[in-house]
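As structure tokens, the structure follows; a few thoughts come after it.
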Amino acid sequence: MLERQNMDKNILLLKSMRHIYNVAKKYYAARMVVAILLPIASIVFTLFNRYGITTDLSSIFSVLGFIWLPIFYYLQQKELNYIEKGAKIQEEFDTNVFNLPWNKALVGNRVTPEEIQEAANNFHEDETYLYNWYGGLKSKHYFINILLSQRSNLMWAVSLKQNFSYFILIVSLIYLVLTVFFASMLDMPLQIYLLVFLFPSTSILLYAVSTWWELTKQSMKIRELGEEVRVDCEKFALGERNIDMYLCRQYQDAVFVYNRKNAVLIPNKLYWMRRKKDDKKMIEVNQKLSEESNTIDVS
């Protein structure tokens, strides 16, 4: 298994997957930039109007906020399409490495070899990060190594999702507080506040609330799944349960559904900021759980 993850065909899948997710993040970045700049522009032109530099454009920015809303969600659907494609490619990598059957009923058809190759050809990052994708696996039991890899997929994402959800919530609250403070300083009527601040901010505020809630739910679910995997490994080490291909396939389904298909994208800066630290922590945990599993001999 450890050798298979570094085979050329599997590194190709990781290259393709990384590029596909980067494309999804471009759609994400585009809708975020406009959604953030729109209320900022509204605030700036309100100040210009207050000092007689421009005419009152508050109603225009309010209309633009509503026009932007369907465009915002169209870009989100494009983003989600790429996320699902990346999830399928990552699923193919896992099934290759773990030697698990493909669950067509859940995942659907594989991404075509041509699409995979095209995406991989557009990967221009440091590919050394793609080798030894799953680390710290030292169990002498094949299925335990699979479970620990699946647990890595789950638990590695928990801290990222939680941190990003907190960040979104805090920034949104700060934004609302600052806009209310700004409006009160200018003795702005409620109607003008809605036109200048709230309506142009509709898309970004709806995104913030829905994303915070979705990340919170995902974090709770994948943490529970990660604990279930850990408990199963401990029970195996105590001789209280068997681990087989069927159980591994069940957990793989859970990884796909709860951690990949409907994943909320994490900005690259946050991802790379925490990668080394989270990788180190996950390797240490995998080594510990591997050692515990080696206390039982089922040969």
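Each value in this text was obtained by applying a stated rule to the coordinates, not by laboratory testing. The structure displayed is predicted, hence computed values, not measured ones. A quick note on method: Cβ atoms are made from the backbone with ideal geometry, for glycine too, and the neighbour counts reach across all protein chains shown.
Using the Karplus equation 6.51 cos²θ - 1.76 cosθ + 1.60 (θ = phi - 60°), what ³J(HN,Hα) coupling, rounded to whole Hz, does each residue of the range 128-145 give in order, writing x for Gly and Pro?
5, 5, 8, 7, 6, 3, 10, x, x, 8, 10, 6, 7, 9, 4, 5, 5, 4
How do Lys217, Lys25 line up, fewest other C-beta atoms within 10 Å first?
With the sparsest Cβ surroundings first, the list reads Lys217, Lys25.
On a 0 to 90° scale, report how tilted helix 202-237 is relative to the longest principal axis of the chain, with both axes built from alpha carbons and the result rounded to the nearest 10.
20 degrees
Binned at 5 Å from 0, what are the whole-percent values of the Cα-Cα distance distribution for the range 235-299, short to long?
4, 13, 12, 16, 22, 15, 10, 6, 2, 0
Taking the Cα centre of each part, how many Å lie between the range 100-143 and the range 192-226?
Each part reduced to its Cα centre gives a spacing of 30 Å.
Rounded to the nearest 500, what is the 222 nm mean residue ellipticity of the chain from helices alone, with -39500 (n - 2.57) per DSSP H run of 4+ residues and division by all residues?
Rounded to the nearest 500, the figure is -26000 deg cm²/dmol.
Which of the chymotrypsin sites (Phe, Trp or Tyr not before Pro) found in the range 36-117 are loop residues per DSSP with 11 or fewer other Cβ atoms within 10 Å of their Cβ?
Taking the range 36-117 and a limit of 11 other Cβ atoms within 10 Å, the loop chymotrypsin sites (Phe, Trp or Tyr not before Pro) found are Tyr51.
Name the most mobile residue of Ile53, Ile83, Ile266, meaning the one with the largest mean-square fluctuation, in a Gaussian network model of the chain with Cα contacts below 10 Å.
So, out of Ile53, Ile83, Ile266, the one fluctuating most is Ile53.
Kindly put Arg50, Arg249 in sequence by how many other C-beta atoms sit within 10 Å of each C-beta, fewest to most.
Going from sparsest to densest Cβ surroundings: Arg50, Arg249.
Kindly count the pairs of lysines across the range 215-299 whose alpha carbons are less than 18 Å apart, treating pairs on different chains or eight or more residues apart as eligible.
6
Asn268 versus Tyr131, label points 7 Å from Cα toward the beta carbon: distance in nm?
Output for this residue pair reads 2.3 nm.
Taking a cut-off of 15 Å between Cα atoms, list the aspartates and glutamates near Lys104, but don't count ones fewer than 8 places away on the same chain.
Here the aspartates and glutamates satisfying the reach criterion relative to Lys104 are Glu84, Glu91, Glu92, Asp94, Asp253.
Give me the percent of Cα-Cα pairs in the range 191-253 that sit more than 15 Å apart, rounded to a whole number.
Result: 69 percent of Cα pairs exceed 15 Å.
Roughly how many debye, to the nearest 20, is the charge dipole of the chain about its Cα centre, given +1 on each Lys and Arg Cβ, -1 on each Asp and Glu Cβ, and no other charges?
Roughly 280 debye, rounded to the nearest 20.
Each residue of the range 283-290 in order: what ³J(HN,Hα) in whole Hz does its phi give by Karplus 6.51 cos²θ - 1.76 cosθ + 1.60, θ = phi - 60°, with x for Gly and Pro?
Karplus values, whole Hz, x for Gly and Pro: 5, 5, 5, 4, 5, 5, 5, 5.
Starting at the first residue of the range 176-190, write each ³J(HN,Hα) from the Karplus equation 6.51 cos²θ - 1.76 cosθ + 1.60 with θ = phi - 60°, in whole Hz, x for Gly and Pro.
Those phi angles translate into 4, 4, 5, 5, 5, 4, 4, 5, 5, 5, 8, 6, 7, x, 4 Hz.
Quick one, can you get me the convex hull of the C-alpha atoms of the range 225-267 expressed as volume per residue in Å³?
73 Å³
Translational diffusion coefficient of the chain at 20 °C, 1.002 mPa s, Stokes-Einstein with Kirkwood Rh over Cα pairs, in µm²/s as a whole number.
Answer, rounded: 99 µm²/s.
Quick one: grab Rg to one decimal and Dmax as a whole number for the range 7-97, Cα atoms only, in Å.
20.3, 66
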